[in-house]
1. Tell me which residues, restricted to segment 523-548, are at pLDDT 75 or above, closer than 17 Å to residue 582 by Cβ and assigned to a helix (DSSP H, G or I).
2. Does residue 642 satisfy the criteria of being buried (at least 23 other Cβ atoms within 10 Å of the Cβ) and farther than 22 Å from residue 555 by Cβ?
3. Give the residue that is farthest from residue 663 (Cα to Cα), with candidates limited to residues of segment 563-577 that are crowded, with 22+ Cβ neighbours inside 10 Å and touching a helix residue (DSSP H, G or I) at 6+ places or on another chain (Cβ under 6 Å).
4. For residue 598, indicate whether it is at pLDDT below 90 and over 30 Å from residue 143 (Cα atoms).
5. With the requirement that a residue be surrounded by 15 or more Cβ atoms within 10 Å (Cβ to Cβ) and in a loop (DSSP other than H, G, I, E, B), what does segment 56-73 give you?
6. Take residue 660 and decide whether it is in contact (Cβ under 8 Å) with a residue 12 or more places away in the chain and over 20 Å from residue 610 (Cβ atoms).
7. For segment 32-48, enumerate the residues that are modelled with pLDDT of 80 or more, more than 19 Å from the chain's Cα centre (by Cα) and not in a strand (DSSP E or B).
8. Report whether or not residue 586 is surrounded by fewer than 19 Cβ atoms within 10 Å (Cβ to Cβ), assigned to a helix (DSSP H, G or I) and touching a residue at least 60 places away in the same chain (Cβ under 8 Å).
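The values are calculated or read from the model by the stated rules, or taken from the named source; none is laboratory data. For clarity, every value in this text was computed on a predicted model and none was experimentally measured. With ideal geometry, Cβ positions are generated from the backbone for all residues, glycine too; neighbour counts draw on all protein chains shown.
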């Protein structure tokens, strides 16, 4: 067992190491003459699952947009701008506060040219950015070069069969270019010569791997919807939704009636139990089929795109608002009674397994007024994961929680006598759910608000509404507020109790609601309120802040920072980041603002932040040999990206590594994970290792 555990650890370490260096997009470049004087250069890319490539119409200050740079241009001229011709999605990016465009699965860009001379030549590179839910790769170049001849006017082209060209040169390099430059200025250097000279640039990939293999617990990453951990989270979310639905007035009273029906109509107890188990399985099948239907209709990526689209967020906001009002007792949401009657009549007329399945379907229809809002919210939430299995897994968890009581009570009928009776406690659950639905509805409205720039739901407005909602929940639980479905309680004489006694359970629930409301109050003045950071609008939408815990880099140059650290005998933290890296900003907002993290980073380490998409041109271009290919470094960002790849064997951001004064790692690297405790442990391990070195 110990040997198996060790092998498993090594496998996980190897997987993490491989995941650090990622090449999720592969481009193929072709040219196509579309007329006597027209030429198109086409970039066709294949994108790995879970990744997306950004489009061309992203404003400054956002993620890396696709851009074309021409280094050689003879005999032709551009006709318009580079355009994205694939299936482009648009969504609101809360971290950057703007709408962004992106493509998934495949990416296609086209640049049109007008041919002006009999012979033409064009060369350059496409720069693009790609991200997933955890990482971004540096802005990457796809280089191309074409030569050709303009056809005679009396010899029309058909597709590509009339094009005369030299072979295309197209390759991806982890660099970014912004301005044309003279080819003669390129400087040939080896990886550790010229501008990249010194032992501080020596590779330490094996040392990092050794730390990862020696570590018994690697820093964990937050699971996306497609990972095993993410699917488990979705399953548990579904189970929670099923348990809540089970306790509503539409479902709970049906349990004893249904179980008693199966036990009474059966010839023996075993058959009754078997029918009840079949009934429970039928419930699972019905809701799993619902999850599959959602996936087939929308698809994983489409559902994810819809859930982040501004227009559909308004729809989700209104839908949850209606559900919330229904739970509060404003009105009842129910399917047409004719549906229920027809299915119930059919189940009575049939026998065997079909009748039991139809009875389970009847339960689904009858209980829709209570389960519908929960299912709707669950499907919206799991849809944002982008996983193909997410809706099905969520519905499986929901159905299991809903179906198990019918099976257990059929197996142990004596338990039916111990079931709590229906009463105000079930309506209390509905009211609390209604308030939660309204609270989460505000989240979807805030996304649309950011997209359209209304500034109606800035961070302080959002927090104010949440404070009021949870304060109302506390007041309701304590008995200060009543809603239409709340029943009167009577004393021993039959008189109505105007202010019924508060149970101990409701008291503690009210205490939690009031405490949560008070917890959010400092957020009105700029406190991070990390418990709600995933729901609230970004901090930059807040107008008034008393002060922030900020962490700023000591240096933005690797060599200068290392020299300072050596002179002052301090360990170094390298922060590989990017201006267009969404998850880098999330780490800075959620983790770096923690007082303990900020103190360690600013007082105990020399922080060197290196932007891999820094567009400042190098004094002269550098050409290095990497994996048997020549790679051109044109900008400062290229230089830092090459440092990350060659020295640390990684190319995704955010990427954090702790070094001693000789450039050797102190512990395993750290990537995207918003667990503050894990980040503190990462920093403290580095300090401990540094103190033990000569």
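1. Answer for segment 523-548, where residues must be at pLDDT 75 or above, closer than 17 Å to residue 582 by Cβ and assigned to a helix (DSSP H, G or I): there is none.
2. No, not satisfied.
3. This residue is 577.
4. Yes; evaluated as a whole, the condition is true for this residue.
5. 56, 57, 58, 62, 63, 64, 65, 66
6. So residue 660 fails the test.
7. Within segment 32-48, 37 is the sole residue that qualifies.
8. When the stated conditions are applied, residue 586 does not pass them.
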